[in-house]
Each structure stands twice: as structure tokens, then as C-alpha cells.
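I have placed the structure first, in the form of C-alpha cells, so that the comments after it can refer back to it.
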Amino acid sequence: MNTASQNRLNRVHPELARRVTLLIQALANKGYTIEVVQGLRTFAEQDELFKQGRSKPGQIVTRARGGQSNHNYGLAVDLCPFVNGKPQWNDNPGFIRIGVEAARLGLEWGGSWKKFIDKPHVQMPGPTVAQCLGYYNHGGLDKVWAKVPPIV
Ligand SMILES: [Zn+2]
């Protein structure tokens with residue numbers, strides 16, 4: 001794991017960070033390098049990302065506006081296979097390996113979603129984004145994190 005990945009993990013829910021570290025180590029033991037390319041995103045950063053492919057150039061990469069993504073609450077990360085320090089966005093088997101490890105660790109993988117397949121995305125199970133927003137408005141990120149049940 002590189003420094004940028006570690007820095008991103010330092011800002012998400014500690015249990016998510018712990019599980020993602022285990023995921024990355026498990027795949028490293030098999031010879032695969034996985035990095036964390038996205039972690040916590042502020043509401044403003046989420047709104048900017050939402051514009052991509054709509055009012056700004058590029059491909060649509062999210063359905064969520066500020067406050068509507070698990071990333072806004074430090075409950076999601078995006079992972080990507082890396083080779084020689086470069087992200088391998090088309091490495092389909094690599095993303096499937098991430099999905100298998102995520103499931104094994106009790107995490108949800110966006111690659112298994114039906115409506116908006118999001119292969120890099122891995123998140124904590126638990127409160128919906130609507131619930132998160134309610135908690136957030138009454139105590140910030142700490143309140144959200146306190147509501148996330150431990151994974152067994
Ligand atoms: Zn994501």
C-alpha cells in the first residue's frame with residue numbers, strides 16, 4: 001500500500017480502514033497490488049464530482065450529490081488494482097478479486113450492484129445514506145460513525 005492509500009484510510013471509519021487493510025494484505029500475499037484511490041469526500045467535493053458528465057466534461061461516475069454518498073461519511077473507499085505504480089481500470093479479474101475479498105470481510109462491493117455497477121467501490125454495511133445525513137446534521141461525522149454497527 002502506498003502513502004496516499006494509507007492517508008486515505010486514516011480519514012475513513014476505523015473499522016472500514018481495518019477491513020480494507022486486511023483486504024489489501026490478502027491480495028498482496030497473492031501477488032496483487034491494490035491501492036485506495038478514493039476515501040472520504042466532502043459534500044462540496046461530491047457536488048463537483050456529480051457535475052462530471054453533466055455540466056462538466058467527462059464520464060458520469062456517480063449518481064450521488066453532496067450528502068448522498070457513503071463516501072461523504074467516511075464509510076466507503078474506491079480500490080483499484082495497480083501495476084508498476086499505475087491504476088489498471090480495465091483489470092476486470094482484478095476488480096472481481098477485490099469483490100470476493102470484500103464479501104469475505106463483511107463489506108459491500110459496488111461491482112455486485114444491479115443498477116449502477118461500481119467496481120472500485122467498497123463500503124461498510126449499515127445505515128442508509130438518508131440515515132447518515134440525519135445523524136450528520138445532529139452531531140457530524142462522529143455521530144454517524146457511532147451508529148455504524150460492528151461487523152461480525
Ligand atoms: Zn465509491
With the requirement that a residue be within 21 Å of Arg65 (Cβ to Cβ) and in a loop (DSSP other than H, G, I, E, B), what does segment 125-152 give you?
Gly126, Pro127, Thr128, His138
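Just give me the residues in segment 80-104 being within 15 Å of the ligand (Cβ to nearest atom) and assigned to a helix (DSSP H, G or I), in sequence order.
Phe95, Ile98, Gly99, Ala102
Hey, does segment 62-75 have a residue that's surrounded by fewer than 15 Cβ atoms within 10 Å (Cβ to Cβ), within 13 Å of the ligand (Cβ to nearest atom) and under 16 Å from the mean Cα position of the chain (by Cα)? If you could, list the steps in order and put the result at the bottom.
Residues of segment 62-75 surrounded by fewer than 15 Cβ atoms within 10 Å (Cβ to Cβ): 63, 65.
Filter once more, keeping what is within 13 Å of the ligand (Cβ to nearest atom): 63.
With under 16 Å from the mean Cα position of the chain (by Cα) added as a condition, the list becomes 63.
Scanning segment 62-75 turns up at least one residue that is surrounded by fewer than 15 Cβ atoms within 10 Å (Cβ to Cβ), within 13 Å of the ligand (Cβ to nearest atom) and under 16 Å from the mean Cα position of the chain (by Cα).
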Does segment 127-147 contain any residue that is touching a residue at least 40 places away in the same chain (Cβ under 8 Å) and in contact with a His (Cβ under 6 Å, 6 or more places away or on another chain)?
yes
Neighbours by Cβ (under 6 Å, 6+ apart or cross-chain): first from segment 83-108, surrounded by fewer than 20 Cβ atoms within 10 Å (Cβ to Cβ); second in a loop (DSSP other than H, G, I, E, B):
Gly106/Ile151; Glu108/Pro125
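Would you pick out the residues in segment 125-152 that are within 16 Å of the ligand (Cβ to nearest atom), surrounded by fewer than 17 Cβ atoms within 10 Å (Cβ to Cβ) and over 27 Å from Pro93 (Cα atoms)? Steps first, please.
From segment 125-152, those within 16 Å of the ligand (Cβ to nearest atom) are 125-126, 128-129, 132; that's our starting set.
Those left that are additionally surrounded by fewer than 17 Cβ atoms within 10 Å (Cβ to Cβ): 125, 128.
Once the filter is applied, which keeps residues that are within 16 Å of the ligand (Cβ to nearest atom), surrounded by fewer than 17 Cβ atoms within 10 Å (Cβ to Cβ) and over 27 Å from Pro93 (Cα atoms), segment 125-152 yields only Thr128.
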Filter segment 15-41 down to the residues that are within 16 Å of the ligand (Cβ to nearest atom), of a type in the set (Lys, Arg) and within 16 Å of Gly99 (Cα to Cα) and list them by number.
Arg19
Any idea how many residues of segment 105-124 are under 17 Å from Thr21 (Cα atoms) and either within 16 Å of the ligand (Cβ to nearest atom) or in a helix (DSSP H, G or I) (or both)?
8
Of all residues in segment 42-61, which are within 14 Å of the ligand (Cβ to nearest atom) and touching an Asp or Glu at 6+ places or on another chain (Cβ under 9 Å)?
Val61
Would you confirm whether any residue within segment 36-56 is surrounded by 13 or more Cβ atoms within 10 Å (Cβ to Cβ), under 19 Å from Lys86 (Cβ atoms), over 12 Å from the mean Cα position of the chain (by Cα) and not charged (D, E, K, R)?
no
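A quick yes/no check of all residues on (1) of a type in the set (A, V, I, L, M); (2) closer than 14 Å to Glu15 by Cβ; (3) over 14 Å from the mean Cα position of the chain (by Cα):
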site: Val83; (1), (2), (3): yes, no, yes
site: Lys86; (1), (2), (3): no, no, yes
site: Pro93; (1), (2), (3): no, no, yes
site: Ile96; (1), (2), (3): yes, no, yes
site: Ala103; (1), (2), (3): yes, no, no
site: Leu133; (1), (2), (3): yes, no, yes
site: Val148; (1), (2), (3): yes, yes, yes
Qualifying residue in segment 16-29 (condition: modelled with pLDDT of 95 or more and in a loop (DSSP other than H, G, I, E, B)):
no
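The values are calculated or read from the model by the stated rules, or taken from the named source; none is laboratory data. Because the structure is a prediction, the values reported are computed rather than measured. Ideal geometry is used to build each Cβ from the backbone, glycine not excepted, and the neighbour counts take in all protein chains shown.
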